[in-house]
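J.: Please find one structure pasted underneath; my questions will follow.
The values are calculated or read from the model by the stated rules, or taken from the named source; none is laboratory data. What you are looking at is a predicted structure, and each value in this text was computed from that prediction instead of being measured. Note that each Cβ is placed from the backbone with ideal geometry, even for glycine, and that neighbours are counted across all protein chains shown. Note: areas computed on protein heavy atoms with side chains; ligands, DNA, RNA excluded. Shrake-Rupley method; radii C 1.70, N 1.55, O 1.52, S 1.80 Å.
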Amino acid sequence: MTEYDTFAEADDLGPAKVVHITERRTGLRAMVVIDNVAAGPAIGGTRMAIDMTTSVCARLARAMTLKNAMAGLPHGGGKSGIVADPKMPAADKERLIRAFAASIRDLTEYIPGPDMGTNEATMAVVLDEIGRAVGLPAEMGGLPLDELGATGFGVAEGAEVAAGMLGIDLDGARMVVQGYGAVGHHASRFLAAKGAVLVAVSDSRGAVVDRSGLDLDTLDGVKSRGGSVADYPGGGAMAERDEVFGVECDLLIPAAGPDALREDNVDAVNARLVLQGANIPATAEAEAQLHQRGMVTVPDFVINAGGVICGAVEYGRGTRSQAFDTIARRVRRNVEEVLTRSLETGETPREVALDLAHRRVRRAMETRRWS
Ligand code: NAD
């Protein structure tokens, strides 16, 4: 947690604030990075992971600044992390979340939401404690974004636009999904509804491949009984979960943790389109290599904005259909704008998206006295 040097790392966009939190009674260790608030209070998830670091938190906070700007939301970007095992007993987890929420009570320019290791129920506890959070359960007036599959829906909408631009027919397109959680599961579902076929999938405990197509209902049955995707009946389990990256496909969707694609495994990738469902799922080197080899990558903050758009619509007291309409419209528009310019100029999609998002953040910053 101490490896991050705020002043050395800061650039002209942020971070505006980096806060480290310890709480003696609960043993809480946490961090909040508020990257930029020019467009409005920062929205970004609270991640609970045993290996959470400030530098990962800061990279994710920047991704939120860019994502929120890209999506045209009246919110800046931030992120928080709790260094703990999310699988701890529920009562201990609630105590930790309450301690965390109480510690950020006065950090009003940061609005937490769900992320890996946290969920709608966690956000209900945060709301109860401090009166602000997004991604709430439906019974509290929320639009439960992971239950509704907001991000996976956006990934599928963006995938449709990107596939169309590259001449890939989604009907029968082979997809590989790394991580079968909220994002990976719903992206698979929404894309399957458009005709795509899931040929390989992984989770934290294993991976399974079937080039003739995995049945999603069977897979969901296995998962709902507490199994791993590797327990899929009929075989096809892979020895290593990262072997999914080497399965030939049209659409590859990394939807687990950061830096999943790295220099040491990116060589194996054989996809036409990489849709970054997860945040920062590839190192810069890995992403550059994919581009050089002619694979088109749609960056995280362009394609996985569905969740935060849903959260922002919820925060503005909008409805589910308003949220889904907004996700479809904005993600589709952004994917088209980014890929059109990238294909015309040869810039990577990330270079184009960064340029567009930076311009939007800087325009917002020009209107502020302090930024
Ligand atoms: P989740 O906890 O619901 O699911 C994560 C999945 O990844 C689980 O199936 C887990 O078993 C699997 N996994 C973990 N490590 C793995 C590994 N090394 N290899 C293969 N699978 C692994 O989380 P989520 O909400 O689906 O989020 C996934 C990613 O998407 C994260 O990077 C998150 O920041 C990002 N994201 C989520 C949302 C959202 O709305 N939930 C929005 C934008 C971005």
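J.: Carbon-plus-sulfur fraction of the accessible area of the chain, 1.4 Å probe, in percent?
T.: For the chain, the apolar C and S fraction of the accessible surface comes to 49 percent.
J.: If I histogram all Cα-Cα distances within the stretch 177-278 using bins 10 Å wide from 0, what percent of pairs lands in each bin?
T.: 16, 56, 26, 2
J.: Okay, helix-only estimate at 222 nm for the chain: each DSSP H run of n ≥ 4 adds -39500 (n - 2.57), divide by all residues, round to 500 deg cm²/dmol; what do you get?
T.: When only DSSP H runs of four or more count, the value is -13000 deg cm²/dmol.
J.: Going toward the positive end of the dipole of the stretch 214-356, with +1 on Lys and Arg Cβ and -1 on Asp and Glu Cβ, which of ALA328, LEU219, THR297 do you reach last?
T.: ALA328
J.: From the mean inverse distance of alpha carbon pairs (Kirkwood) and the Cα radius of gyration, derive Rg over Rh for the chain.
T.: For the chain, the value is 0.95.
J.: Can you run phi through the Karplus equation (6.51, -1.76, 1.60; θ = phi - 60°) for the stretch 204-219 and list ³J(HN,Hα) in whole Hz, with x for Gly and Pro?
T.: 5, 9, x, 8, 9, 10, 8, 5, 8, x, 8, 8, 5, 5, 5, 4
J.: With every protein chain left in place, what is the accessible area per residue of the stretch 211-348 in square angstrom, probe 1.4 Å?
T.: 43
J.: If you don't mind, another one. Grab the other residues whose beta carbon is less than 14 angstrom from that of VAL335, score K and R as +1, D and E as -1, and report the net.
T.: +2
J.: A further question on this structure: Please list the equivalent ellipsoid semi-axes of the stretch 1-57, computed as the square roots of five times the alpha-carbon gyration tensor eigenvalues, in descending order and whole angstrom.
T.: So the three semi-axes of the stretch 1-57 are 21, 14, 10 Å.
J.: Quick one: putting +1 on the C-beta of Lys and Arg, -1 on the C-beta of Asp and Glu, what dipole do you get for the chain around its Cα centre, in Debye to the nearest 20?
T.: 1140
J.: Using +1 at the C-beta of Lys and Arg and -1 at the C-beta of Asp and Glu, which of ALA255, ALA282, VAL56 has the Cα lying farthest in the positive direction of the dipole of the chain?
T.: Projecting each Cα onto the dipole axis, the largest value belongs to VAL56.
J.: Two decimals is fine: what's Rg over Rh for the stretch 48-182, C-alpha atoms, Kirkwood radius as Rh?
T.: The Rg/Rh ratio comes out at 1.02.
J.: Would you work out which of GLY172, THR118, GLY152 lies farthest towards the positive end of the dipole of the chain? Charges go on Cβ: Lys and Arg +1, Asp and Glu -1.
T.: After comparing all options, I get THR118.
J.: Right, something else. Based on the Cα atoms of the stretch 227-319, what semi-axes does the equivalent ellipsoid have, where each is the square root of 5 times one gyration tensor eigenvalue, given in whole Å with the largest first?
T.: The equivalent ellipsoid of the stretch 227-319 has semi-axes of 27, 20, 11 Å.
J.: Once a ≥ b ≥ c are taken as the square roots of the eigenvalues of the Cα gyration tensor of the stretch 1-112, is the result rounded (a/c under 1.5), prolate (a/b larger than b/c) or oblate (a/b not larger than b/c)?
T.: Note, shape of the stretch 1-112 comes out prolate.
J.: Another question, then. Using only the Cα atoms of the stretch 148-192, what are the Rg and Dmax in Å?
T.: Using the Cα atoms of the stretch 148-192, the pair Rg, Dmax is 10.2, 29 Å.
J.: A follow-up question, please. Along each principal axis of its Cα atoms, how long is the stretch 82-141 end to end? Whole angstroms, biggest number first, please.
T.: Over the stretch 82-141, Cα extents along the principal axes are 27, 26, 18 Å.
J.: In addition: Compute the Cα gyration tensor for the stretch 48-106, then decide on rounded, prolate or oblate, letting a ≥ b ≥ c be the square roots of its eigenvalues: rounded whenever a/c is under 1.5, prolate when a/b is larger than b/c in the other cases, and oblate in all that remain.
T.: The shape class here is prolate.
J.: With every protein chain kept in the model, how would you rank HIS186, HIS20 by accessible area, 1.4 Å probe, largest at the top?
T.: I get HIS20, HIS186, largest accessible area first.
J.: Now, a different point. Treating only the Cβ of Lys, Arg, Asp and Glu as charged (+1, +1, -1, -1), what charge dipole size does the stretch 261-371 show about its Cα centre? Round to the nearest 20 debye.
T.: The dipole of the stretch 261-371 has a size of about 740 debye.
J.: How many Å² of accessible area per residue for the stretch 37-146, probe 1.4 Å?
T.: 34
J.: For the chain, compute the number of Lys pairs whose alpha carbons are separated by less than 23 Å, excluding pairs fewer than 8 positions apart on the same chain.
T.: So the count works out to 8.
J.: Here's something else I'd like to know. With charges set only on the Cβ (+1 for Lys and Arg, -1 for Asp and Glu), what does the dipole of the stretch 56-158 come to about its Cα centre, in debye to the nearest 20?
T.: With only Lys, Arg, Asp and Glu charged at Cβ, the dipole is about 420 debye.
J.: Please label the shape of the stretch 286-371 as rounded, prolate or oblate, based on the square roots a ≥ b ≥ c of the eigenvalues of the alpha-carbon gyration tensor (a/c under 1.5 means rounded; beyond that, a/b larger than b/c means prolate, else oblate).
T.: oblate
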